[in-house]
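*Asks:* Have a look at this one.
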Amino acid sequence: MTSDLSQHFRSEEQPFVQQVQDWLMQCQAEYRMVLTPFLNPRERFIVDTLVNRLAEVQFVSSGIFDNAEMQRGLFLPSYMSADTIKTTDFELKLLQIQYPQKFLEMRHSTILGSLMHNGIERKSVGDIVTDGNDSWQLVTTDVVARYVQTHIERFGKVPVKFDEVDTEMVIQPKLNWELDDILTSSLRLDTIIANAFSLTRSQAKELVENGQVKLNWAIQKRAEFEVAAGDLISTRGFGRLQILSDNGLTRKDKHKLSVAKLKNR
């Protein structure tokens with residue numbers, strides 16, 4: 001990787017950058033499609049940045065849901081056209097969760113926690129969404145879908161069932177992002193969290209240092225880490241915060257940030 005390219009990415013992202021380069025080499029050397037695990041938006045941005053420097057490789061992705069956060073990607077050699085790619089090429093399955101609503105209040109964390117408890121890696125699972133009316137769906141790989149349908153029969157003591165459904169039956173996710181402006185004395189991660197969720201600085205710092213905070217989908221334990229426009233902060237128990245823009249300093253030298261907040265589900 002050339003030095004001018006590496007400066008686009010943070011140091012903790014370098015292993016993934018190397019992984020992308022390996023996929024690119026495989027696609028070019030073997031002259032075939034290369035399918036990735038589920039990638040988050042930041043990872044897909046890195047992929048696009050690297051692929052755009054090459055004329056002989058294309059990259060496409062899908063997560064079934066409209067504007068899916070987690071998507072599987074395909075690297076295509078030059079002889080293939082993105083227009084010929086079908087949903088089945090991504091080897092995805094859409095699962096509808098059947099459960100007794102009377103006995104279980106379903107949450108995103110309940111579903112994901114159960115999958116992780118059963119040894120399923122996060123990169124093998126796409127978006128988990130609800131329509132806001134107790135209907136829940138998730139996207140997984142073909143292999144994981146078969147495992148889930150065979151091995152996961154309960155959430156705690158409550159029976160559940162995962163039914164494969166056609167992609168035409170996909171629900172529209174209900175996400176209530178709230179736009180806001182916040183003032184902050186610095187761009188430190190703990191300071192931003194404290195201002196966004198009405199916490200003390202020490203409370204926010206403790207959350208970060210205890211591994212309760214993700215920055216761009218990766219755990220970030222450095223409370224002093226400076227965030228930037230475009231960053232997504234996930235704070236366990238409180239919700240998500242997207243930094244939309246840094247609108248400069250006020251007369252009192254405070255940063256005025258435009259943000260979008262998604263409260264904890």
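*Asks:* Would you mind checking which residues have amide H under 5 Å from GLN58's amide H? H placed 1.01 Å from N; only 5 or more apart, or other chain.
*Replies:* Placed amide hydrogens put LEU76 under 5 Å from GLN58.
*Asks:* To continue, here is another question. Calculate the spin-label point distance for THR87 paired with GLN26, positioning each point 7 Å from the Cα along the beta-carbon direction, and give it in nanometres.
*Replies:* Once both label points are built, they end up 2.5 nm from each other.
*Asks:* Computed from the coordinates I sent, semi-axes √(5λ) of the Cα gyration tensor in Å equals one of [x] 26, 22, 20; [y] 32, 28, 16; [z] 33, 20, 16. Tell me the label.
*Replies:* So the structure-derived entry is [y].
*Asks:* Given a 1.4 Å probe, how much area per residue of the chain is accessible, in Å²?
*Replies:* 55
*Asks:* I want to check the label-to-label distance for ARG251 and ARG201. Put each point 7 Å from Cα in the C-beta direction and report it in nm to one decimal.
*Replies:* It works out to 2.4 nm between the two label points.
*Asks:* When all protein chains stay in place, what accessible area (Å², nearest 10, 1.4 Å probe) is found for THR167?
*Replies:* Only protein atoms counted, so the area is about 60 Å².
*Asks:* Per residue of the stretch 70-75, in order, report the coupling 6.51 cos²θ - 1.76 cosθ + 1.60 (Karplus, θ = phi - 60°) as ³J(HN,Hα) in whole Hz, putting x for Gly and Pro.
*Replies:* With the stated coefficients, the stretch 70-75 comes to 9, 9, 7, x, 10, 8 Hz.
*Asks:* Taking H as built 1.01 Å from N, whose amide H comes closer than 5 Å to the amide H of ASP127, not counting residues under 5 places away?
*Replies:* Amide H neighbours of ASP127: MET70, VAL139.
*Asks:* Using the basic label-point model (7 angstrom from Cα toward the beta carbon), what is the ASN118 to GLN101 distance in nanometres?
*Replies:* 2.3
*Asks:* Of all the accessible heavy-atom surface of the chain, with the other protein chains kept in place and a 1.4 Å probe, what percent is carbon and sulfur? Walk me through the numbers on the way to the answer.
*Replies:* Working: 6800 of 14600 Å².
Carbon-and-sulfur percentage of accessible area, whole number: 47.
The values are calculated or read from the model by the stated rules, or taken from the named source; none is laboratory data. Just so it is clear, the structure is predicted and the values come from calculations on it, not from any experiment. Positions of Cβ are generated from backbone atoms using ideal geometry, with glycine treated the same way; all protein chains shown enter the neighbour counts. What goes into the accessible areas is simple: the full protein's heavy atoms, side chains included, and nothing from ligands, DNA or RNA. Shrake-Rupley method; radii C 1.70, N 1.55, O 1.52, S 1.80 Å.
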